[in-house]
1. Given the structure, is Leu32 assigned to a helix (DSSP H, G or I), more than 26 Å from the chain's Cα centre (by Cα), touching a residue at least 40 places away in the same chain (Cβ under 8 Å) and within 30 Å of Ser172 (Cα to Cα)?
2. What do you reckon, is Leu166 among the aliphatic types (A, V, I, L, M) and under 23 Å from Val407 (Cα atoms)?
3. Pairs only if they're at least six apart or on different chains, beta carbon under 6 angstrom, first in segment 398-416 and farther than 15 Å from Ser151 by Cβ, second not in a helix (DSSP H, G or I); list them, first residue then second.
4. Which one of these is more than 26 Å from Val189 (Cα to Cα) and small (Gly, Ala, Ser): Ala128, Ala89, Ala105, Ala34?
5. Has segment 178-196 got any residue that is over 30 Å from Pro65 (Cα atoms) and outside any helix (DSSP H, G or I)?
6. Looking only at segment 417-433, count every residue that is without any contact (Cβ under 8 Å) to a residue 12 or more places away in the chain and not hydrophobic (A, V, I, L, M, F, W, C) and tell me the total.
7. How many residues does segment 1-20 contain that are β-branched (Val, Ile, Thr), over 17 Å from Ala299 (Cβ atoms) and either in a helix (DSSP H, G or I) or modelled with pLDDT under 85 (or both)?
8. Given the condition of a type outside the set (D, E, K, R), closer than 18 Å to Leu178 by Cα, outside any loop (DSSP other than H, G, I, E, B) and in contact with a Leu (Cβ under 7 Å, 6 or more places away or on another chain), answer yes or no: does some residue in segment 380-389 qualify?
Amino acid sequence: MAIQSLLIIIVVLAVLLVIGVPISYAIGISSLAAILQTVPLDVSVLTAAQRTFVGMSKFSLTAIPFFILAGNLMNQGGIAKRLVDFVLAILGKLPGALLVTNVGANALFGAISGSASAAAAAVGSMVAEGEEEQGYEKAICAATNGASAPSGLLIPPSNALITYSLVSGGTSVAALFLAGYIPGILWAVCCVVVSVIIAKKKGYKGTPGKYDWKNLGVATLKAIPSLSLIIVVIGGIIIGVFTATEGSAIAVVYALILGICYRNITLKSFWKILVESAKMSGMVVFLIGVSNILGWVMAFTQIPQAISAALLGVTNSPVVILLIMNVILLIAGTFMDVTPAIMIFTPLFLPVVQTFGMDPIHFGLVLVYNLCIGNITPPVGNTLFVAIKVGKTSLAKVMPYMLMYYVSIIVGLLLVTYIPAISMALPMWAGLA
């Protein structure tokens, strides 16, 4: 029954997505289709409605709409330029200074805003003029911008990690947030390495002259208010001053005050931000509720146990099993957004990795890192297409350079997968794991 149910879910879900049905409806319908073979229609529909309501009624879910609102406030709050100047002051002497700056600023802005696409749009626009003036090739700039933007999704506050916490059965959000720092920085470092290699080949120089400490001081002072959001919110969550939900509300207040002080948020723009945030939050929370039906169906039909038995039947090697999972997730990530993919694959794969002792925190970072690669991979690749649009170039011109970034980022994925300390060192140091 488990294998039959899984096949029904996969086939129905694939067909619905191909014909353009929204992912939330596709998950709900495919889950119902799978359970109808054993449960009457009236009971299935009633249970599905109950599971959806229960899935959306968790108080901890409040953190997601608040962080979405905080991110949208930050996007409009005028912090991108300050972060770009700050990173340029630090890394400007490296070859391809603006490429490297783009990577660093994307990591910071993505972490603050919680959106890879927003980072690619905001930071990419900020560095575009300078790159054009200095003769940088547009395709290289777009590839660098797109490849580095998802690094901020791993660095907290991260809605993807909050979602994983909910689906995985209550994995500590504070532990996941701490665990995300090193993998997120590793992603950025992988992109910096490729950027420097490309810059040397193309002859792109760093900023001339000696290191300007005065400029660094000024840029740091201007960036401190924006960077303090991470320190205040994440620091408060980790040391236990407030929960992730309370921290998200504090982030909203902080972002609003900052935007008003920078004179980039007006009453009119604030209303637009609220409306847009409400729309995004509604989609995400409804998706989480509907995915709760999928979780119930999987538990009822024992699909995770069947997958675990199948994988362990092929091999007992954790190395090989994790490699198989990575390949599946890399393929799936090219067709699905991060949030629905987390909903689908966490209940499938988490029980498997727990059989050989993998920590849920470690697996969460492997999962999110993996799925973030889909953000920059066609045919979906939303962040990549934003970067291409901002860079005023084409996919055909960008892809040769993206291949270099893919190799580097996947090397980072393998390191995160097979070296647990990369994810677990900080949570263990803080006593959260």
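The values are calculated or read from the model by the stated rules, or taken from the named source; none is laboratory data. These numbers were taken from a predicted model, which means no experiment stands behind them. Quick reminder, even Gly has a Cβ in these numbers, built from the backbone with ideal geometry, and neighbours come from all protein chains shown.
1. Working: assigned to a helix (DSSP H, G or I): yes; more than 26 Å from the chain's Cα centre (by Cα): yes; touching a residue at least 40 places away in the same chain (Cβ under 8 Å): yes; within 30 Å of Ser172 (Cα to Cα): no.
The answer is no for Leu32.
2. Values: among the aliphatic types (A, V, I, L, M): yes; under 23 Å from Val407 (Cα atoms): no.
So Leu166 does not fit the description; no.
3. From segment 398-416, no pairs qualify.
4. Numbers: Ala128 fails: more than 26 Å from Val189 (Cα to Cα); Ala89 fails: more than 26 Å from Val189 (Cα to Cα); Ala105 fails: more than 26 Å from Val189 (Cα to Cα).
On inspection, the qualifying residue turns out to be Ala34.
5. So far as segment 178-196 goes, no, none of its residues is over 30 Å from Pro65 (Cα atoms) and outside any helix (DSSP H, G or I).
6. 1
7. Kept after step one, since they are β-branched (Val, Ile, Thr), are these residues of segment 1-20: 3, 8-12, 15, 18-19.
Pick out the ones that are also over 17 Å from Ala299 (Cβ atoms) and you get 10-12, 15, 18-19.
Narrowing further to those that are either in a helix (DSSP H, G or I) or modelled with pLDDT under 85 (or both): 10-12, 15, 18.
Number of matching residues: 5.
8. Residues of segment 380-389 that are of a type outside the set (D, E, K, R), as a first pass: 380-388.
So of that shortlist, the ones also closer than 18 Å to Leu178 by Cα come out as none.
Among the residues of segment 380-389, not one is of a type outside the set (D, E, K, R), closer than 18 Å to Leu178 by Cα, outside any loop (DSSP other than H, G, I, E, B) and in contact with a Leu (Cβ under 7 Å, 6 or more places away or on another chain), which makes the answer no.
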